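The values are calculated or read from the model by the stated rules, or taken from the named source; none is laboratory data. Quick caveat, the model's predicted, so the values are computed rather than measured. Don't worry about glycine lacking a Cβ; one is built from the backbone with ideal geometry, like all the others, and counts go over all protein chains shown. Keep in mind that these areas ignore ligands, DNA and RNA; they rest on the heavy atoms of the full protein, side chains included. Shrake-Rupley method; radii C 1.70, N 1.55, O 1.52, S 1.80 Å.
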Protein chains: 2
Amino acid sequence: MTKLKSVKTPELDTKSRILQAALEAFSQSGFYGTSINSVAEAVNIKKPSLLHHFSSKEKLYGAVLESISTRLLSELEAAMASSEDEKQQMLNVMDSFYRWNKECPNETVLLLREMLDNPQRAATAHNWYLAPWLERLVELIRRGQQNGRFHELEPMAFLYNIIGAQHYFVVSLPTLKQILSASDFKALLKQQRQELKSLIELRLFK
Amino acid sequence: MTKLKSVKTPELDTKSRILQAALEAFSQSGFYGTSINSVAEAVNIKKPSLLHHFSSKEKLYGAVLESISTRLLSELEAAMASSEDEKQQMLNVMDSFYRWNKECPNETVLLLREMLDNPQRAATAHNWYLAPWLERLVELIRRGQQNGRFHELEPMAFLYNIIGAQHYFVVSLPTLKQILSASDFKALLKQQRQELKSLIELRLFK
DNA sequence: TATTCACCCTACCAACCGGTAGGTAGGCAC
DNA sequence: GTGCCTACCTACCGGTTGGTAGGGTGAATA
């Protein structure tokens, strides 16, 4: 088991520090690969003290997932409220998704892991993390198509490819970083973003 | 731990049956979530007998990865040799990638898991499973661009988005299957494939 | 016939897992 | 003071893990 680097934000209370360390651990090693002991060590407490705050490993894992989910949802709401224009709204939402990926790669990875480990739970109806994003964006595209501003295409299939491309790119960044030189890596980051934007504009916008 | 259904192909020798069961187990539960005992049970032998064929869990895991890797490589060679025309070659390779995803979702999932679990090992230079695909396709696109048959774009960024979209779609199929009705699911399968093809033709082909 | 060897087994091990029992120290209310 | 709370601790539990030791068997080899 790799030792986790300790979380150094003493201004947070213990519970938040546990959540933070757990997010990092679960995203790096997965549910089974993470021991609550290692999480406890990362926040400099003993295992029973951690279990005082979260009564079981499952509960801790659930709390991490929930904190991600609520945060992601509020991000979406903000992005949707930003504009009235369909094209701009579309770009804003994708931008918001990109920013989340970039700022919280741990969360991105963990949600993908959850989908691999537990597809049935990940899919429990409205709990699935991508569901609200897809729903809102499908509506948005349909609206744009009725207004004659978007090309005719299957919104779901299109969105899944775009979001999937972005999602996959983010989770493979650690690998790419090891393969490419620093300058190539940085260039690819920019190019991928631009390329994705081109795909959206070329395929969706009239 | 979920019990694995036993592999019922008695014509294979034990070693191959172990590999097969291990692939399924690792892809479903990951390295830490899989016990070699459960793999042994799936092929109706005891744990020490499994360890007779693969001397450790790591070795078994490595053997599974290697068998996938060699298979994937031969798939690529076949696809590249299929045509001289750049456009057709491009479509053939993507088709080959698609077929692999479809026929061996376990392998697809496992390789993604490996990237999440162990980015540094996954990236060990020429071992990375996508490296040969990307290399060959980058060359192909460059050639097409010189011939004036492909649009000017950054091959790597374009390819990563396309392959990422396909890859991500495959690993989320189990989740999607639980969310959508059977007919919607089937329709989405078709639409996504068509949509991806449209993206390639629209963005790359002149 | 004697020996080797691949294959599979039972029995066992130390290490680690998630979780519990029970106790201590300090803060706050009365 | 007493009582009660939160936060943390040490010590321990049963169960599971990856891996080892060593024995049996049957087919090939000398």
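Annotations
- Cα gyration tensor shape of segment B:91-206, rounded if a/c is under 1.5, else prolate or oblate by comparing a/b with b/c: oblate
- Surface composition of chain B: carbon plus sulfur atoms contribute 51% of the solvent-accessible area (1.4 Å probe, protein chains only, all chains present).
- Interface residues in segment B:9-54 - accessible area drops by 50 Å² or more relative to the isolated chain, probe 1.4 Å: B:Tyr32
- Proximal lysine pairs, segment B:30-105, alpha carbons under 25 Å, eight or more residues apart or interchain: 5
- Per residue, the solvent-accessible area of the protein assembly as shown (1.4 Å probe, heavy atoms of protein chains only, all protein chains present) comes to 47 Å².
- Summed over both chains, the contact between A and B buries some 4300 Å² of accessible surface at a probe radius of 1.4 Å.
- Once the Cα-Cα distance is subtracted from the 0.36 nm per residue extended length, the A:Lys190 to A:Arg142 segment shows a gain of 14.3 nm.
- Zero-based 10 Å bins, Cα pair distances in the protein assembly as shown, whole percents: 4, 20, 30, 27, 14, 4, 0
- Shielded by partner chains, segment A:141-167 residues - at least 50 Å² of accessible area, 1.4 Å probe, vs chain alone: A:Ala157, A:Tyr160, A:Asn161
- Annotation for segment A:151-203: chymotrypsin sites (Phe, Trp or Tyr not before Pro) lying in DSSP loop with at most 10 further Cβ atoms inside 10 Å of their Cβ do not exist.
- Debye-sum result for chain B in log10 I(q)/I(0), which assumes one identical scatterer on each alpha carbon, at q = 0.12 Å⁻¹: -0.71
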